[in-house]
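Single-structure report; data block below.
The values are calculated or read from the model by the stated rules, or taken from the named source; none is laboratory data. Here the structure is a predicted model, which means the values were calculated and not measured. For neighbour counting, all protein chains shown are included, and Cβ atoms are generated from backbone atoms with ideal geometry for every residue, glycine included. To get the accessible areas, we keep the full protein, side chains included, count just its heavy atoms, and leave off ligands, DNA and RNA. Shrake-Rupley method; radii C 1.70, N 1.55, O 1.52, S 1.80 Å.
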Amino acid sequence: PPSPPPHPSEQIPPPPLLTPPPPDFTPPPAELLGSDDEEQEDPADYCKGGYHPVKIGDLFNGRFHVIRKLGWGHFSTVWLCWDIQGKRFVAMKVVKSAQHYTETALDEIRLLRCVRESDPSDPNKDMVVQLIDDFKISGVNGIHVCMVFEVLGHHLLKWIIKSNYQGLPLPCVKSIIRQVTLYTLFILQTNTHCTDCTQHIYTVNCTFILYTLLTLY
């Protein structure tokens with residue numbers, strides 16, 4: 001039997017015409033961003049409940065023009081986009097559509113909204129990635145949560161791989177732990193008005209122990 005029409009709340013209006021980035025703007029260097037030389041996600045995961053088939057040139061939410069792929073994980077794929085409204089490059093995460101992925105993404109959005117709405121003068125706010133926008137799309141594989149972030153560098157595993165699995169220099173490890181400590185302190189302070197942050201409090205004690213040990217040796 002034919003599939004029922006989508007619920008009105010799941011219908012998405014057609015996007016406006018694509019607007020490419022201006023000629024005087026160029027993406028960040030490929031060596032900082034790309035995933036072209038890395039293992040890619042399993043094509044079999046492009047199915048109901050799985051990944052959304054993003055294409056270069058797609059326009060999301062009438063604002064985010066897909067430029068290239070940044071990477072992927074079990075949870076989502078990530079894309080470098082040009083923000084037509086903000087006139088900047090951003091990283092857009094398109095989450096798998098299965099319910100448990102959606103619920104996890106919505107939890108993450110609630111936490112990041114607390115961060116976004118917190119005291120802008122707090123210097124530790126920069127220790128948390130900034131959520132620029134979030135929305136849902138309806139695709140061939142279901143309803144997908146999309147999150148848009150500032151563009152960052154490599155994740156920790158990438159740096160470990162680049163070190164040929166020899167580990168990172170101690171000063172680098174200390175710097176990372178220091179940043180994580182500042183992040184957890186910020187989350188702890190944010191918790192005074194955001195109950196979604198409670199799950200992060202335990203991390204504070206562990207991080208303080210690690211940071212203390214690293215500063216002693």
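A few comments on the model shown:
- Each semi-axis of the equivalent ellipsoid for the stretch 40-119 is √(5λ) with λ an eigenvalue of the Cα gyration tensor; in descending order they amount to 22, 19, 10 Å.
- Each semi-axis of the equivalent ellipsoid for the stretch 51-196 is √(5λ) with λ an eigenvalue of the Cα gyration tensor; in descending order they amount to 27, 21, 15 Å.
- Distance between the pseudo-spin-label points of Tyr46 and Arg113 (7 Å out from Cα toward the beta carbon): 3.2 nm.
- Shape category assigned to the stretch 82-138 from the gyration tensor of Cα positions, a/c cut at 1.5: oblate
- Per-peptide average of other Cβ atoms within 10 Å, ordering 163-176, 132-145 highest first: 132-145, 163-176
- Multiplying the residue separation of Leu170 and Asp122 by 0.36 nm and removing their Cα-Cα distance gives an extension gain of 14.5 nm.
- Think of a 1.4 Å ball rolled over the protein heavy atoms: the stretch 112-187 then has 55 Å² of accessible area per residue.
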